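Presented below is the structure to which this report refers.
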Amino acid sequence: MEPGLQESCHFRTDALAYANACHAAEVEVDIETGEVRILRYVALQDSGTLVNPLIVDGQVHGGIAHGIGNALLEWMGYDDAGQPVTTSFAEYLLPTAPTFPMFETQYQETPSPLNPLGAKGAGEVGTIPAAAAVISAIEDALRPYGVRITRCPVTPPLLLELIEEAKRRNP
């Protein structure tokens, strides 16, 4: 036997540990162009024990960027025959760094009792609430017009259409 240290451990669980989060966005909407600018984004995350906080931060920030992309940019279109019409990044828009402010993330570590590390998920917990937080902030900014958003992405042309519809309903 070669000298050295070695350790093995096996763990199996049938119960999943889910993370929790609360996200809030502050946006500015230009009612002349339909442009949405995110002014501030705050996320409170509970991913259990943060084994590597820097990696968790990257996962959360990437998840938020993905969710905001879903809310504002990423549209997958099809023609009448069911063929995709968004076949390149010229049509399928992705968020870039200038789209975002610095994300403010805070962590509450509530260890999961379902695994030895006490860890929970990290990436998906940033993605899931982001679109809802941004779209809710847009609706709040457009409250004087009575705009209700029922689909996404919330592109500038869609926003202008919704604002005009709301003005016709509530002159």
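What follows draws every value from the coordinates through simple rules; no lab data is involved. Note that the structure is a prediction, hence the values are computed from the model and not measured. All Cβ positions, glycine included, derive from the backbone under ideal geometry; neighbour counts span all protein chains shown.
Brief remarks follow.
- Inter-part distance where the range 53-103 and the range 9-34 are each reduced to a Cα centre, Å: 15
- Fraction of alpha-carbon pairs over 17 Å apart in the range 1-92 - percent: 72
- Rounded tilt (10° steps) of 53-72 against the dominant C-alpha axis of the chain: 20
- If the chain linking residue 170 and residue 2 were pulled fully straight, counting 0.36 nm for each residue of separation and taking away their Cα-Cα distance, it would gain 52.4 nm.
- Sites residue 35 and residue 106 - FRET efficiency at Förster radius 30 Å, r taken between beta-carbons, to 0.05: 0.55
- Restricting the range 80-109 to GluC sites (Glu not before Pro) in coil, as DSSP defines it, with at most 16 other Cβ within 10 Å: 91, 109
- Of the residues 52, 42, 31, the one whose Cα sits farthest towards the positive end of the charge dipole of the range 25-171 is 42 (charges of +1 on Lys and Arg Cβ, -1 on Asp and Glu Cβ, taken about the Cα centre).
- Per DSSP, loop trypsin sites (Lys or Arg not before Pro) in the range 75-171 with at most 16 further Cβ within 10 Å: 148, 151
- Furthest towards positive pole of dipole, 81, 170, 152, structure part the range 39-171, Cβ charges: 170
- Take every DSSP beta bridge whose two residues both sit in the chain; close to 70 percent of them are antiparallel.
- Angle between the chain longest axis and helix 124-141 axis [Cα atoms, degrees, rounded to 10]: 20
- Degrees separating the helix 156-169 axis from the principal Cα axis of the chain, which is the longest one: 50
- Potential extension, residue 79-residue 94 segment - 0.36 nm per residue separation minus Cα distance: 3.3 nm
- Max mean-square fluctuation residue, GNM over the chain, Cα-Cα springs under 10 Å, options 77, 62, 118: 77
- Of the chymotrypsin sites (Phe, Trp or Tyr not before Pro) in the range 15-86, those whose Cβ has at most 16 other Cβ within 10 Å and which sit in DSSP loop: 18, 75
- Here the dipole of the chain is about 420 debye; that uses its Cα centre as origin and unit charges on the Cβ of Lys and Arg (positive) and Asp and Glu (negative).
- Within the chain, the proportion of C-alpha pairs whose separation exceeds 24 Å stands at 50%.
- Per residue of the chain, the DSSP helices (runs of n ≥ 4 H) give a summed -39500 (n - 2.57) that works out to -10000 deg cm²/dmol at 222 nm.
- Computed from the C-beta positions of residue 161 and residue 52, the FRET efficiency with R₀ = 45 Å rounds to 0.50.
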